[in-house]
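Here's the structure we're looking at; comments come further down.
The values are calculated or read from the model by the stated rules, or taken from the named source; none is laboratory data. None of these values were measured; they are calculated from a predicted model. So basically every Cβ, Gly included, is an ideal-geometry build from the backbone, and we count neighbours across all protein chains shown.
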Amino acid sequence: MFWRCREEQFWTAFATVVPENNAMQRLEEKLSVTNLHHLVDVCREAEIGLLNAASRSQKPGLKKFLGGEALQHSLFIVELQLELRKLGEPAKVGTSNVSLPGWKQLSPTQMLPLASSSDEAVLRLCEEGGRSVLTEYSRTLHESLPTDVVQLVERQHSDLQLAHDRLQQIQILLQNGDLLTSPMSSARKPL
């Protein structure tokens, strides 16, 4: 009798804990979805900013570099949207209100004055925008995310950090007058 009573207490307690665990899991999934939607919007903002920067650049090599970085952000969006689909969510853009420093100044509605539309000014804004994207990724990595999502966000963050470092190298080359016309390679050839 004693064991039967204990067993009933166990199952009663278990039945009350399981719904709480399911609710917690749903809350974590909802938070993951919100964070993924936010990163999609961050990458979209960066992609548009990079395309605008490429269109304003006067050096063909720099145009190619910025266009390639915009393409990379586009691929990140696709990867993030695939994760959203795995969680049963529609992969939509524009769910969070994102306006990142650097990228918003490159938008056509905030045209740079002709004098500050130089490659140096464009690169400065791209560097600021890249820093903003890295900050958003770092913030997201401190959130509760499923393991496979964390791995994706960490990889993208690492790729973004490398691109940001390349952008800073290009800025230095441009400031030193070493930037010519060909795209930058891993051997640090001038543009």
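Of the residues Leu179, Leu112, Leu106, only one is surrounded by 12 or more Cβ atoms within 10 Å (Cβ to Cβ), modelled with pLDDT under 80, over 26 Å from Leu31 (Cβ atoms) and in contact with a Cys (Cβ under 9 Å, 6 or more places away or on another chain); which?
Leu106
Determine, yes or no, whether Phe76 is modelled with pLDDT of 95 or more, closer than 25 Å to Leu125 by Cα and not β-branched (Val, Ile, Thr).
On the way: modelled with pLDDT of 95 or more: yes; closer than 25 Å to Leu125 by Cα: yes; not β-branched (Val, Ile, Thr): yes.
Yes; evaluated as a whole, the condition is true for this residue.
Could you please tell me which pairs satisfy a Cβ distance under 6 Å, a separation of 6+ or placement on different chains, a first residue in the stretch 150-166 that is touching a residue at least 12 places away in the same chain (Cβ under 8 Å), and a second residue that is exposed (fewer than 12 other Cβ atoms within 10 Å of the Cβ)?
Every condition considered, no pair remains.
Pairs needed: first member in the stretch 128-148, closer than 15 Å to Arg44 by Cα; second member anywhere, surrounded by fewer than 14 Cβ atoms within 10 Å (Cβ to Cβ); C-beta distance under 6 Å; at least 6 residues apart or different chains.
Listed by first residue and then by second, the contacts come to Ser132/Pro101.
Looking only at the stretch 120-148, filter to residues that are of a type in the set (Lys, Arg) and farther than 13 Å from Ala163 by Cα; which one of those is modelled with the highest pLDDT?
The residue in question is Arg139.
Closer than 14 Å to Asn35 by Cβ, outside any helix (DSSP H, G or I) and not β-branched (Val, Ile, Thr): is that true of Leu152 in this structure?
Answer is no for this residue.
Taking the condition of being assigned to a helix (DSSP H, G or I) and touching a Lys or Arg at 6+ places or on another chain (Cβ under 8 Å), how many residues in the stretch 56-82 meet it? Steps first, please.
Narrowing the stretch 56-82 to residues assigned to a helix (DSSP H, G or I): 56, 60-82.
Next, only the ones that are touching a Lys or Arg at 6+ places or on another chain (Cβ under 8 Å) stay: 65, 73, 77.
The number of residues fulfilling the criteria is 3.
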